[in-house]
Every structure is written in structure tokens, then in C-alpha cells.
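This report refers to the structure that appears directly beneath it.
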Amino acid sequence: MPRSRPKVFAIIPAAGSGLRLGAKIRKQFLPLQGKPVLIHTLQQFEFCPDVDEVAVAVPEYAIVQMEALVSEYRLHKVSKVLAGGEKRQDSVSRVLKRLVLRDSDIVVVHDGVRPFVSPKKISQVIKACKSYDAAVLAVQPKDTIRRSNGGGFFDQTLDRTALWLVQTPQAFKASLLKKAFEKARKEKFYSTDEAALVERCGVKVKIVEGSYDNIKITTQEDLDLGLLILERWKL
């Protein structure tokens, strides 16, 4: 039976090495209050009513482990666990090719090690995407930002009100995201996020105000901060 409405697919790239954290266990599988960081992340998408299906990319050796975790934590929306690529863009591309997408569907991409995105924020970025074809969560910097061209001195103070710290999730119409990845593949262009690929197709990306809780677990300090955020979320 054909689908009557566009679907929302979430791609969670989590195949990174996590070397900066310096742990023996890759950071996506590190326990955070007894539960792997990646499971915390996936549960936010499981609880979001606007997300229909989730696909996660992990290191090839971890596929069986990930499938067991999906079963253990009853993540019913996770339909695919796939081997990721060398870089984030490779992982997202691999998953994108495996999804059965209509052009009108929406694809949301979110870092596997950003466990503190709320279902509400996920829904907000999806809603914005429906209106603008491309949307990302972002927050403005709290500190004064200065630029230096070297030499140990500042050259310019930047206007903080014009600057944004880009987060995930990032949401796109499926047809646009596929076009952006194909262009990047042909031109052998790599970026650290999907928004930059879409912008190269001449499309402006809508900013949706994010949350300062939505941190990326990269260092031990991030892990420690994550514990504090979890404790506050319980209140």
C-alpha cells in the first residue's frame, strides 16, 4: 500500500573512532549513568513523535553489538544498523543510499554523540524543514570572539550577534540532500556537516534556536558535563 504522507527518517552517524577522548571504548559506547552514550541519543529520537524511522551507522565490527543494544533498549524505530565509512560524510552517504526515500520525505542527520537533544528540538527542526527545505539547530556564542591572523595578537573583535555555533540535528528534504551528496561526490568535496553541502547547491539553511545542553561528547570534560546535564534533566 503506497504511503499517504511524507516520512521523516533520521540518520545517526556513530562510526567515529573517538580518539580524542582517549578511552579504550569508543566514545559512542562509553557508559553514561550505566547506559551507552549512543543509546541516550537514540532514545531521544525514539520518543520524538515526528520521527518515523531511524538508521544508525557504526563501525563494522560493532554491528552485532549495536543490534543487541537496539533490542535490549526496545528501540522500535531503529530499522537499520549499517557499517559506517571512514568519515562522517561517508557514513551518512552509505545510509542515505540504503533508505527508500521519496523526494518529499525529510531526512534528519544527528551526531551519535549528542545525547542531550530533546524530542521537542527535533520536532522544531523538522517543522522548519517542511517550510524551508533545510534547517539546522544552532546557538549563539556566549563569549566574546576575537580573530587572530597569527603573531600572538588579536586583529579583530567579531560581532557576536552575527555568529552561530552549529549543532545537530540538521533536517533536509530528501531530494535536496541526495542532490547535495551527489554534487559533493562528483567534486570530491568533504565537509564536517550536511548544511555546508546543501549550501553549495545554492540553498539557504534555516536557523532554529538550539540548546546549550546539546553538547557533543568529545572530551572527558564533556562526559563529566553530560553527567551534570542528566542529573538536571531528572529534576
Quick count over segment 37-47, residues being of a type outside the set (Val, Ile, Thr), open to solvent by less than 20 Å² (accessible area, probe 1.4 Å) and either in contact with a Phe, Trp or Tyr (Cβ under 7 Å, 6 or more places away or on another chain) or part of a loop (DSSP other than H, G, I, E, B) (or both), is 1
For a quick check of your reading of the model, give me the residue pairs whose first member lies in segment 52-73 and is closer than 18 Å to Arg98 by Cα and at pLDDT 95 or above, whose second is open to solvent by 10 Å² or more (accessible area, probe 1.4 Å) and hydroxyl-bearing (Ser, Thr, Tyr), with beta-carbon atoms closer than 8 Å and at least 6 apart or on different chains.
Glu53/Ser79; Val54/Ser79; Ala55/Ser79
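Pick from Val81, Val117, Val113, Val100: which is in a loop (DSSP other than H, G, I, E, B), of a type in the set (A, V, I, L, M, F, W, C) and open to solvent by 20 Å² or more (accessible area, probe 1.4 Å)?
Val100
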Cβ-Cβ distance below 6 Å, separation of 6 or more or different chains: which pairs start in segment 186-208 with a residue that is touching a residue at least 60 places away in the same chain (Cβ under 8 Å) and end on one that is aromatic (Phe, Trp, Tyr) and open to solvent by 30 Å² or more (accessible area, probe 1.4 Å)?
Lys206/Tyr132
Which members of segment 69-78 meet the condition of being open to solvent by less than 60 Å² (accessible area, probe 1.4 Å) and assigned to a helix (DSSP H, G or I)?
Leu69, Val70
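What number of residues in segment 182-196 are buried (at least 20 other Cβ atoms within 10 Å of the Cβ) and farther than 18 Å from Ala128 by Cα?
Qualifying residue count, segment 182-196: 1.
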Return only the number of the condition from (1) touching a Ser or Thr at 6+ places or on another chain (Cβ under 8 Å); (2) open to solvent by less than 60 Å² (accessible area, probe 1.4 Å) that Thr144 does not satisfy.
(2)
Residue list for segment 120-139, restricted to those being open to solvent by 60 Å² or more (accessible area, probe 1.4 Å) and under 26 Å from Trp233 (Cα atoms)
Lys120, Gln124, Lys127
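The values are calculated or read from the model by the stated rules, or taken from the named source; none is laboratory data. Everything numeric in this text was worked out from a predicted model, so none of it was measured. Cβ atoms come from the backbone with ideal geometry, glycine included; neighbour counts cover every protein chain shown. Each accessible area value is taken on the protein alone, full model and side chains, heavy atoms only, with ligands, DNA and RNA left out. Shrake-Rupley method; radii C 1.70, N 1.55, O 1.52, S 1.80 Å.
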